[in-house]
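One structure is given below, encoded as structure tokens.
The values are calculated or read from the model by the stated rules, or taken from the named source; none is laboratory data. Model, not experiment: these values are computed from the prediction. As a convention, Cβ positions derive from the backbone with ideal geometry for all residues, glycine included, and neighbour counts pool all protein chains shown. Note: areas computed on protein heavy atoms with side chains; ligands, DNA, RNA excluded. Shrake-Rupley method; radii C 1.70, N 1.55, O 1.52, S 1.80 Å.
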Amino acid sequence: MNLCVVGLQWGDEGKGKVVDILAEKADVVCRYGGGANAGHTVIIGDTRFALHLMPSGAVRPKTVCVIANGVVVDPAVLLEEIAGLEEKGLTLNGRFHISHCAHVVLDYHKLEDQLRENALGEGKIGTTARGIGPCYADKTGRSYALRMADLLDLATLKPKLQNIIDYKNKLFTALYNVAPIQFNTIYQKCMEYHKKLAPYVCNTTEFLHTAIEQGKTILFEGAQGSLLDIDHGTFPFVTSSNSSALGLGPGCGVPPQKVQRFIGVVKAYTTRVGSGPFPSEQNNTIGQRIRDKGHEYGTTTGRPRRCGWFDAVVVRYSAVISGINEIAMMHLDTLSGLDELKICNTYEIDGKKTSFFPADAGQLAKVKCIYQTVPGWQEDLTNIERFEDLPKAAQQYVKTAEQIIGVPIKMVGIGPRRTQIIYR
Ligand code: GDP
Ligand code: IMO
Ligand code: MG
């Protein structure tokens with residue numbers, strides 16, 4: 001039984017926590033997309049882990065972790081993360097594999113990310129500045145890309161890197177008038193990455209298929225959210241990968257037929273970081289109230305997250321494209337204390353009603369949300385253990401959302417800790 005966990009909104013739904021819980025019964029946890037733009041939080045006792053590249057399974061000492069080919073790997077972040085885990089007594093020797101086909105994020109990608117964003121001014125995407133877009137662009141552009149396998153091949157690394165840096169310097173000086181980047185600095189870093197990461201690099205597609213043949217359980221950990229998907233999200237305010245579950249096959253070489261459970265994670269409301277359309281956004285005291293109570297500040301960049309009502313049009317759409325069979329709804333506890341709550345169930349565009357999400361910027365700019373208003377509850381939920389013990393209004397809220405989405409909500413989050421989860 002293999003599983004895939006993906007975000008069904010604009011990221012930060014609580015995937016890290018859900019993966020950590022489900023990893024108890026998995027042998028392998030595999031990241032298949034995105035890069036260090038992700039920030040997945042796992043809280044165990046008094047220890048808080050904020051993982052950017054390492055799969056959330058890393059916090060369990062025996063779980064095997066895989067970074068597959070679809071991930072763009074920033075070796076500096078990865079090495080820092082490995083060191084941080086080892087400091088907490090979690091060694092990765094023998095239980096961590098990185099794909100030889102994964103592309104490498106280097107300093108010039110991060111510089112390009114910042115330069116492009118600065119040049120866009122008001123129209124910027126609001127990226128995490130982790131070099132994600134430029135690295136995926138180099139991947140699809142092919143000629144100036146570097147993969148983990150290239151880092152290992154010392155005979156060809158130097159001329160390959162020299163060629164890339166010559167090209168990038170021509171581009172940077174012509175377009176942005178900045179000082180050229182130094183080949184030697186980057187080459188020296190690559191030599192260090194080579195030395196430290198070589199033991200982990202392998203053919204992860206082969207590794208995953210062998211594990212499947214042996215009957216092992218693999219948990220595929222999505223990054224970002226389905227609405228940030230380059231093809232199916234709110235383009236151009238998206239990330240540069242297929243961050244819905246559709247990215248699974250290309251991202252790790254395992255077809256979806258091998259995955260039995262697709263679990264979509266949502267928050268009981270909606271958040272988004274960075275620019276772009278957000279129909280149910282509450283840029284008012286309600287939004288601020290959710291931000292304060294839910295501690296809605298980015299795990300990677302610390303930016304305040306934009307907050308709004310639960311948008312069931314968004315979730316129904318992302319559940320459909322990702323082939324979701326069950327939902328985990330996090331942060332129900334954050335909604336305690338509001339007199340009434342709203343769930344968006346329909347959009348109105350140019351006077352016409354639709355319940356199918358239009359993934360187009362022009363149409364989204366015109367969306368008016370039609371809301372269903374439901375009663376709130378005052379009680380604190382954080383110590384409740386059974387669904388039946390939740391206040392009636394909280395139960396009803398979950399059931400209403402479930403009914404509109406059309407997919408069962410099987411897990412409900414009532415706090416950030418591993419134990420703060422209710423199963424239905
Ligand atoms: P991810 O990117 O999807 O892994 O999510 P993040 O870790 O970026 O953000 C989710 C935040 O919500 C983290 O700070 C979690 O500790 C926290 N969290 C997760 N589930 C719950 C929940 O049910 N209730 C509350 N209050 N916090 C939660
Ligand atoms: P996790 O895995 C929330 C957003 C950025 C920006 C857009 C493009 O923690 O859910 P990028 O750096 O990818 O080019 O930025 O995507 N973004 C995320 N928002 N959670 C994430 O990851 C995100 N990863 C990227 O804020 O709007
Ligand atoms: Mg996050």
>> Tell me the residue from 334, 346, 271, 300 that is within 16 Å of ligand 2 (Cβ to nearest atom), open to solvent by less than 70 Å² (accessible area, probe 1.4 Å) and not in a loop (DSSP other than H, G, I, E, B), please.
In response: 271
>> For the range 58-66, check the following and say yes or no: at least one residue is open to solvent by 10 Å² or more (accessible area, probe 1.4 Å), touching a Phe, Trp or Tyr at 6+ places or on another chain (Cβ under 9 Å), within 15 Å of ligand 2 (Cβ to nearest atom) and not basic (Lys, Arg).
In response: no
> Does residue 255 satisfy the condition of being within 11 Å of ligand 2 (Cβ to nearest atom), surrounded by fewer than 23 Cβ atoms within 10 Å (Cβ to Cβ) and outside the structural domain of residue 333 (by TED's automatic domain parsing)?
Replying inline: no
> Scanning the range 130-140 for residues that are crowded, with 17+ Cβ neighbours inside 10 Å and touching a helix residue (DSSP H, G or I) at 6+ places or on another chain (Cβ under 9 Å), which turns out farthest from residue 11 (Cα to Cα)?
Replying inline: 138
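Okay, residues lined up against (1) away from ligand 1 (no atom under 16 Å from the Cβ); (2) closer than 22 Å to residue 36 by Cα; (3) surrounded by fewer than 19 Cβ atoms within 10 Å (Cβ to Cβ); (4) not hydroxyl-bearing (Ser, Thr, Tyr):
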{"residue": "214", "(1), (2), (3), (4)": "yes, no, yes, yes"}
{"residue": "219", "(1), (2), (3), (4)": "no, yes, no, yes"}
{"residue": "225", "(1), (2), (3), (4)": "no, yes, no, yes"}
{"residue": "233", "(1), (2), (3), (4)": "no, yes, no, yes"}
{"residue": "240", "(1), (2), (3), (4)": "yes, yes, no, no"}
> Residues of the range 321-380 being small (Gly, Ala, Ser) and more than 30 Å from residue 261 (Cβ to Cβ), which ones?
Replying inline: 337, 351, 361, 362, 365, 376
> Which of the residues spanning the range 40-79 are within 12 Å of ligand 1 (Cβ to nearest atom), touching a strand residue (DSSP E or B) at 6+ places or on another chain (Cβ under 7 Å) and either over 21 Å from residue 224 (Cβ atoms) or in a strand (DSSP E or B) (or both)?
Replying inline: 40, 41, 42, 48, 49, 50, 51
> If residue 246 passes every condition in (1) within 30 Å of residue 311 (Cβ to Cβ); (2) outside any helix (DSSP H, G or I) but one, which one does it miss?
Replying inline: (2)
> So which residues in the range 396-424 are over 16 Å from residue 334 (Cβ atoms), in a helix (DSSP H, G or I) and out of contact with any Ser or Thr (no Cβ under 9 Å at 6 or more places or on another chain), if there are any at all?
Replying inline: 396, 399, 400, 402, 403, 405
>> Checking residue 52 against (1) touching a Cys at 6+ places or on another chain (Cβ under 7 Å); (2) open to solvent by 10 Å² or more (accessible area, probe 1.4 Å); (3) within 15 Å of ligand 2 (Cβ to nearest atom): exactly one of these is not met. Which one?
In response: (1)
> Any residue in the range 103-120 that is open to solvent by 10 Å² or more (accessible area, probe 1.4 Å), within 16 Å of ligand 1 (Cβ to nearest atom) and touching a residue at least 24 places away in the same chain (Cβ under 8 Å)?
Replying inline: no
> Tell me, which residue of the range 355-389 that is polar (S, T, N, Q) and touching a helix residue (DSSP H, G or I) at 6+ places or on another chain (Cβ under 8 Å) is least open to solvent (accessible area, probe 1.4 Å)?
Replying inline: 382
>> Going by what's in this entry, would residue 290 be described as more than 16 Å from the chain's Cα centre (by Cα) and over 25 Å from residue 415 (Cα atoms)?
In response: no
> When the residues of the range 9-29 are filtered to those that are assigned to a loop (DSSP other than H, G, I, E, B) and open to solvent by 20 Å² or more (accessible area, probe 1.4 Å), which remaining residue is nearest to ligand 3 (Cβ to nearest atom)?
Replying inline: 12
>> Name the single residue that is nearest to the chain's Cα centre (by Cα) among those in the range 18-42 being more than 28 Å from residue 113 (Cβ to Cβ) and within 15 Å of ligand 2 (Cβ to nearest atom).
In response: 18
